[in-house]
Amino acid sequence: MSAKLLEGKPVADKILADASSRVSGLKAKGTHPTLAVVLVGDDPASKSYVAGKEKACARLGIKSETHRMPSSTAVADVLTIVRELNARAEVHGVLVQSPLPNGLDESLVVEAIDPRKDVDGFHPVNIGRMMAGGDALLPCTPAGIVELLLHYGIDPAGKHVVVVGRSNIVGRPLANLLSRKGRGGDATVTLCHSRTGDLASHTRRADILVAALGKPSAITAEMVRDGAAVVDVGVNRLPDAADKRGYRLVGDVDFEAVAAKTSAITPVPGGVGLMTVAMLMSNTVAAAERQQAGR
Ligand code: NDP
């Protein structure tokens with residue numbers, strides 16, 4: 001493999017160290033940053049993401065509370081708990097773990113979260129401010145990808161970035177961040193999706209290619225230009241009897257073959273995922289700071 005491995009850990013550690021010192025500053029002024037997570041149902045991946053968030057909070061001295069609800073919960077009950085958390089001044093961040101079980105209206109729930117506590121950065125107020133270049137809590141995975149690229153000296157400015165996947169939590173906000181003016185932006189962005197014709201003709205033109213399709217190893221070597229940088233957002237569980245968990249994690253990129261021809265590539269796991277959690281901690285601290293300052 002000739003590609004530089006864009007590991008998330010050193011970048012995430014830097015962000016977490018900064019967050020940790022800001023937590024100390026908040027505590028010195030009498031504020032104990034607190035994150036409340038609502039987990040509906042028992043999706044194994046969601047449970048493991050929530051456990052990762054609790055662990056990160058504990059490491060930083062952020063108080064965390066997880067509200068577990070059965071998958072049969074009615075949307076009205078999720079809204080009730082969200083409103084209770086909005087009303088509690090000692091809770092600074094509120095997130096509802098996605099995806100919600102079938103039938104629960106995700107946008108209704110996200111819109112119920114107080115935008116000042118929306119540490120996932122999914123509320124329309126934060127999305128709107130992000131688009132307008134204002135002071136927003138940014139969506140964690142897209143913001144984390146930008147920080148990862150900058151840390152490794154891969155400045156998107158002036159580059160052609162091709163993003164594959166247009167979800168509201170990854171692809172579309174990422175395309176928006178990368179095309180903003182200023183730090184971490186100034187890229188020319190192509191946003192692809194399942195209706196894109198001849199996907200490879202677009203991906204092959206990328207200086208930086210971001211794969212966020214949720215399809216194991218869908219990005220093959222033929223789809224990538226020699227020397228491109230590749231960011232693999234995908235987290236896919238493949239059954240694996242040899243693994244004690246019964247599965248292994250793979251990304252959306254055919255790692256070995258693609259790494260052989262790129263200049264840089266993120267591993268899965270150990271790449272973007274670590275950035276997502278670090279940015280969530282950073283957002284929680286930022287939300288607490290703003291609330292302490294009465295904003
Ligand atoms: P979604 O399923 O919400 O969106 C997938 C997107 O990919 C859609 O826009 C879809 O197009 C597009 N797509 C699907 N198949 C193709 C294809 N064959 N060609 C081109 N486009 C395609 O996924 P998410 O954005 O939520 O997540 C994407 C991946 O990233 C998943 O593996 C997820 O687990 C992972 N993830 C990782 C995170 C991390 O921290 N590392 C955080 C969040 C997600 P269309 O819109 O037309 O349907």
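Each reported figure results from applying straightforward, stated rules to the coordinates on display, with no laboratory input. Bear in mind that the values here come from a model prediction, so they are computed numbers and not experimental data. With ideal geometry, Cβ positions are generated from the backbone for all residues, glycine too; neighbour counts draw on all protein chains shown.
Rg then Dmax, both in Å and based on the Cα atoms of segment 221-260: 12.6, 37.
Full extension from GLU90 to ALA241: what is 0.36 nm times the residue separation minus their Cα-Cα distance, to one decimal in nm? Provide the component values of the computation, followed by the final result.
Working: separation 151, 0.36 × 151 = 54.36 nm, distance 4.51 nm.
Difference between extended and current length: 49.9 nm.
Gain on full extension, evaluated as 0.36 nm per residue between ARG59 and ASP198 minus their Cα-Cα distance, stands at 45.5 nm. Per Stokes-Einstein, at 37 °C and 0.692 mPa s, what whole-number D in µm² s⁻¹ belongs to segment 42-109, with the Kirkwood radius over Cα pairs as the hydrodynamic radius? The Stokes-Einstein estimate is 250 µm²/s. Using the Cβ-Cβ distance between ALA28 and THR66 with R0 = 30 Å, the FRET efficiency computed as 1/(1 + (r/R0)^6) comes to roughly 0.65.
Within the chain, the ratio Rg/Rh, alpha carbon atoms throughout and Rh by Kirkwood, equals 0.97.
Using the C-alpha atoms of segment 145-295, what convex hull volume per residue, in cubic angstrom, is computed?
Expressed per residue, the convex hull around the Cα atoms of segment 145-295 is 132 Å³.
A simple packing score, the average count of other Cβ atoms within 10 Å per residue, orders the peptides 20-31, 171-182 as 171-182, 20-31, with the highest score first. The listed peptides 243-255, 78-90, ordered by packing as a protection proxy, come out as 243-255, 78-90 (highest mean of other Cβ atoms within 10 Å first).
For segment 1-124, the Kirkwood radius over C-alpha pairs fed into Stokes-Einstein at 37 °C and 0.692 mPa s yields D = 207 µm² per second. The mean sequence distance of close C-alpha pairs (under 8 Å, at least 6 residues apart), as a share of the length of the chain, puts its relative contact order at 23 percent. Cross-link reach is defined here as a Cα-Cα straight distance under 22 Å, omitting same-chain residues fewer than 8 places apart; for LYS117 the lysines meeting it are LYS27, LYS29, LYS47, LYS53, LYS55, LYS63.
Per-residue ellipticity at 222 nm, computed for the chain from helices alone with -39500 (n - 2.57) per DSSP H run of at least four residues, works out to -12500 deg cm²/dmol.
Along the axis of the charge dipole computed for the chain (Cβ charges of +1 for Lys and Arg, -1 for Asp and Glu, origin at the Cα centre), the listed residues ILE127, HIS151, LEU104 are led at the positive end by HIS151. What does the charge add up to near GLY214, with Lys and Arg as +1, Asp and Glu as -1, over the other residues with Cβ less than 13 Å from its Cβ? Here the charged neighbours net out to +1. Look at where the Cα atoms of segment 122-160 and of segment 58-97 average out, and the two centres are 25 Å apart.
A simple rule links phi to the HN-Hα coupling: the Karplus curve 6.51 cos²θ - 1.76 cosθ + 1.60 with θ = phi - 60°, which for segment 278-289 gives 4, 5, 5, 5, 4, 5, 5, 5, 4, 5, 5, 4 Hz, with x for Gly and Pro. Placing R0 at 35 angstrom, the Cβ-Cβ distance between ALA221 and THR80 gives a FRET efficiency of 0.10 after rounding to 0.05. Can you work out the base-10 log of I(q)/I(0) for segment 140-215 at q = 0.14 1/Å, using the Debye formula on its C-alpha atoms alone? Calculated log10 I(q)/I(0) at the listed q: -0.38. Subtracting the Cα-Cα distance of THR188 and SER20 from 0.36 nm times their residue separation leaves 57.0 nm of extension gain. Near the amide H of MET69, within less than 5 Å, lie the amide hydrogens of LEU39, VAL40, GLY41, all on another chain or at least 5 residues away, with H placed in the peptide plane.
Of all beta bridges that DSSP places with both ends in the chain, some 10 percent have antiparallel geometry.
Axis of helix 8-28 versus longest Cα principal axis of the chain: the two differ by about 20°, to the nearest ten degrees. Inter-label distance, GLU7 to GLU111: 4.5 nm, where each label sits 7 Å from its Cα along the C-beta direction.
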